[in-house]
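Since every read-out is calculated from the coordinates, none of them should be taken as a lab result. Keep in mind it's a predicted model, so treat the numbers as computed, not measured. Counting neighbours? That spans all protein chains shown, and the Cβs are built from the backbone with ideal geometry, glycine included.
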Amino acid sequence: MTGPTPDEAVDLAESRPGPRSRRRSPRGGLRRPGLVGWLFILPALAFYVVFVLRPIALTFQYSLYTWDGIGPSTWAGFANYVKVFTDPDLFASILNAIKLIVFFSAIPVLLGLAIAATIRQIATSRLALVARTVIFLPQVIPLVAAGIAWTWLLSSTGVINQLLTLVGLGDITRAWLGDFSTALPAVGLIGAWVLLGLCTLLLLAGMSKIDPALYEAARLDGAGPLREFRSITLPSLRQELAVCVTVTVIAALASFDIIYISTQGGPGNSTMVPGLEIYYLAFSERQIGVASALAMVLMVIVIAVALPIQRLTRDR
């Protein structure tokens with residue numbers, strides 16, 4: 001069997017790329033996989049720049065002016081930001097949003113963990129399917145409808161007060177959304193009810209991917225249910241917990257629809273939150289600059305809260 005001719009050997013050697021050689025396209029140009037990737041994400045990137053980054057830049061620009069949205073604007077510098085932190089009503093709205101984190105985030109996540117662990121124990125029964133459906137139901141109900149329904153339930157003649165009267169607790173009945181001391185917790189419970197289903201299903205999905213052999217090994221070592229939950233379940237749900245906490249904290253800080261439907265920020269300003277305050281400032285009081293400054297402060301608070309959560313819950 002004869003070997004290749006000298007010309008064929010040269011062609012064969014040139015066709016085999018060396019360790020540092022690059023493949024060339026049929027027309028002789030270098031292939032650039034990175035460029036092709038950028039072309040694929042270019043439509044989404046353009047959409048993000050136009051509809052996210054550009055509005056943020058314009059909001060920051062408006063926050064530096066005193067403007068009513070129609071007439072000429074006047075340079076204000078950072079005076080609008082100073083007003084956000086010195087005006088008692090504006091600063092109180094930020095504090096109310098921070099208080100809502102307890103109801104929007106802590107209650108759904110902790111209660112969702114307990115419910116998900118319980119459903120996991122009865123995963124093969126029909127009761128588990130019914131429980132998942134009932135708990136997730138608030139996610140498919142429009143928030144406007146949910147707000148109206150809860151307004152009826154929590155009114156002075158609503159079902160909640162009727163049940164309290166029926167069990168002999170009529171002395172504590174009140175208009176829960178109309179009382180200064182109970183309006184914010186009542187709104188917080190509505191938000192917790194809405195977000196509970198999302199947290200439960202996310203955590204339940206995370207539990208379903210945990211290897212059952214880990215629990216069997218723990219039982220062989222004498223671990224009880226509490227030790228299994230602390231040593232196996234919680235570490236395995238790090239990413240799911242990060243998603244739940246991030247979503248619920250953002251929902252608390254950026255809350256608008258439920259509060260607008262149920263209390264509109266009242267009574268007084270006891271349930272006023274930044275989202276609702278921005279709406280009133282911009283479209284009722286025509287203070288575009290102050291509204292924009294409050295929006296930028298809210299965005300910074302959301303980022304400052306969300307980024308540490310992502311870092312703390314990152315897999316090591």
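For the chain, the longest principal axis of the C-alpha atoms and the axis of helix 274-283 are separated by about 80°. The alpha-carbon atoms of the stretch 242-316 define a convex hull whose volume equals 83 cubic angstrom per residue. With angles folded into 0 to 90 degrees, how steeply does helix 126-140 sit against the dominant principal axis of the chain? Use alpha carbons for both and round to 10. So the helix axis and the longest Cα principal axis differ by about 80 degrees. A dipole drawn for the stretch 121-277 from +1 and -1 charges on Cβ atoms has a positive end, and of L164, L184, L214 the residue lying farthest that way is L214. Distance from the alpha carbon centroid of the stretch 98-152 to that of the stretch 183-260 works out to 11 angstrom. Treating each Cα of the stretch 80-208 as one equal point scatterer and applying the Debye formula with no solvent, the log10 of I(q)/I(0) at q = 0.12, 0.16 Å⁻¹ comes out as -0.62, -0.95. Taking a virtual spin label 7 Å from the Cα of V82 along the C-beta vector, which residues in the stretch 277-312 bring their backbone nitrogen under 20 Å of it? Flagged as within label range: 287-298. Applying 1/(1 + (r/R0)^6) with r as the Cβ-Cβ distance of E285 and I141 and R0 = 25 angstrom yields a FRET efficiency of 0.20. Between the beta carbons of T165 and T124, assuming R0 = 51 Å, the FRET efficiency works out to 0.80 to the nearest 0.05. Toward the positive end of the charge dipole of the stretch 88-312, with +1 on the Cβ of Lys and Arg and -1 on the Cβ of Asp and Glu, the farthest Cα among A242, P225, V273 is that of P225.
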